[in-house]
Structure formats: structure tokens, C-alpha cells
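Written below as C-alpha cells is the structure these notes are about.
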Amino acid sequence: MRMIVIAVGHRMPIWVQSGFEEYARRLPREARLELIEVRPAPRSRAVSVERALALEESRIEAVAPAGCQRVVLDERGVEVTSAGLARKLEAWLGAGRDLALVIGGADGLTDRLRRSADLSLALSRMTLPHGLARILLAEQLYRAISIMHNHPYHRE
């Protein structure tokens, strides 16, 4: 199974790349983590927010693996504990389907994309910078795998 973070945004600062890669490299082969960056739609007076979101949605759809389990990150989504995420991840791994975790751009995601997801997940009720959300998500996935394998990284 592949876990793929699909994130709108590119050219992140080096600390974002380093943080994400740090947790991605710690994961075992059977739960490898990939990052696919989707170029954000240009923002201008000539392009409405709705049009920009629709363009980003089409770019996300183009890179999401066919038949994958899809989780969108949204501040209005379901909040889970690290142990709860581990249980969900264990079920997803057991299903054998690729897992796409989608982080939207500056204006979020389209309603259609959120409704079509298998799960809408909140990392926090606070709005997070997108680069920080990438690192936090990678860390929580690593933590979830650690919980599943009784690794001492996670302490309750």
C-alpha cells in the first residue's frame, strides 16, 4: 500500500521539505509515504476563487491513484486521537488500497472534492500553514504506524 500526500503548493521552504522527509524516511517499506505537489492555480482579479479551486481539483484528480481510499484534510473534518488514527490506518492498510491524503491550497478544496472523500479529517480546528500541515500529517502517520507496531516512539 502506498500513502500519498497530495498537496496544493510548491516551492516550500527547506524546513518543510526536511521535516516531511524526516518522518517519511522513518516509515517501513510496507507503509511508504510519498508527496505529490500540485501547482496552485494563479490568483488574480481575472480568476474567481471558484475557478481557481476547480482547476486545483482537476489537478488533484489527475494525480490521485485510481480506486484509492481518499482522505481530505479540512479544519471542519473529524478530529481523531493518534490512537484513533492508528486504528483507521490499520483498517486502510488491511484493505490493500492506496491511500491519498489531500491538503488543499490557500482557499481550501471544492465542496465536490470534500463530499467525494472517504473521510474528511481535521489535524486541528485551527487553520494551519500548509507546509506545517504536511509535516504534522507525516509525523502523525509515523506515530500511527509506531502505535500499530508497539514502537516506543508513542507514549501515552
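The values are calculated or read from the model by the stated rules, or taken from the named source; none is laboratory data. This structure is a prediction, so every number in the text was calculated from the model and none was measured. As a convention, Cβ positions derive from the backbone with ideal geometry for all residues, glycine included, and neighbour counts pool all protein chains shown. Ligands, DNA and RNA are excluded from the accessible area calculation, which covers all protein heavy atoms including side chains. Shrake-Rupley method; radii C 1.70, N 1.55, O 1.52, S 1.80 Å.
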**OP:** Using a 1.4 angstrom probe on heavy atoms only, work out the carbon and sulfur share of the accessible area of segment 1-135 in %.
**Re:** 52
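When the dipole is taken about the Cα centre of segment 82-156, and only Lys, Arg (+1) and Asp, Glu (-1) are charged at their Cβ, what size is it in debye, to the nearest 20?
Once rounded to the nearest 20, the dipole reads 100 debye.
If you rank HIS10, HIS154 by how much accessible surface each has, with a 1.4 Å probe, what is the order from largest down? Each step should come with its number before you reach the end.
On the way: HIS10 65, HIS154 45 Å².
Final ranking, largest accessible area leading: HIS10, HIS154.
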Original post:
Kirkwood hydrodynamic radius for segment 1-134: how many Å is it when counted over pairs of different Cα atoms?
Top reply: 15.4
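Quick one: plug the Kirkwood hydrodynamic radius of segment 72-156 (C-alpha pairs) into Stokes-Einstein at 20 °C, 1.002 mPa s, and report D in µm²/s.
157
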Subject >> DSSP bridge pairs, the chain: antiparallel proportion in percent, nearest 5 >> reply: 10
**OP:** First select every other residue whose beta carbon is under 15 angstrom from the beta carbon of THR127; then total the charges, Lys and Arg +1, Asp and Glu -1.
**Re:** -1
Original post:
Just ALA24, ALA91, ALA138 to compare: in a GNM of the chain, with alpha carbon springs under 10 Å, which one fluctuates most?
Top reply: ALA91
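In the P(r) worked out for segment 30-89, what percent of Cα pairs fall beyond 16 Å?
Result for the distance tail: 63 percent.
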Original post:
So, counting K/R as plus one and D/E as minus one, what does the shell of residues with Cβ under 13 Å around LEU109 add up to?
Top reply: -2
Original post:
Among bridges DSSP assigns within segment 64-156, what percent are antiparallel (round to 5)?
Top reply: 10
Original post:
How much accessible surface area, in Å² rounded to 10, belongs to the heavy atoms of VAL38 with a 1.4 Å probe?
Top reply: 10
Original post:
Taking H as built 1.01 Å from N, whose amide H comes closer than 5 Å to the amide H of ILE6, not counting residues under 5 places away?
Top reply: ILE36, LEU101, VAL102, ILE103
Subject >> Where trypsin sites (Lys or Arg not before Pro) in DSSP loops with at most 15 other Cβ within 10 Å are excluded, longest remaining stretch of the chain >> reply: 46-124
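Tally Lys and Arg at +1 and Asp and Glu at -1 over the other residues with C-beta under 14 Å from the C-beta of LYS88: what net charge comes out?
Details: positive: ARG70, ARG87, ARG97, ARG143; negative: GLU79, GLU90, ASP118.
With Lys, Arg at +1 and Asp, Glu at -1, the net is +1.
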**OP:** Would you tell me the accessible area of GLU90, worked out with a 1.4 angstrom probe on the heavy atoms of the protein chains, in Å² to the nearest 10?
**Re:** 100
Subject >> Relative contact order, percent, segment 1-149 [alpha-carbon distance under 8 Å, six or more residues apart] >> reply: 35
Original post:
Of ILE60, PRO28, ALA117, which is farthest on the positive side of the dipole of the chain, counting Cα position, with +1 on Lys and Arg Cβ, -1 on Asp and Glu Cβ, and the Cα centre as origin?
Top reply: ILE60
Original post:
In nm, to one decimal, how far is the modelled label at SER18 from the one at SER48, with both set 7 Å along Cα→Cβ?
Top reply: 4.3
Subject >> Cα shape, segment 1-51, gyration tensor, a/c 1.5 rule >> reply: oblate
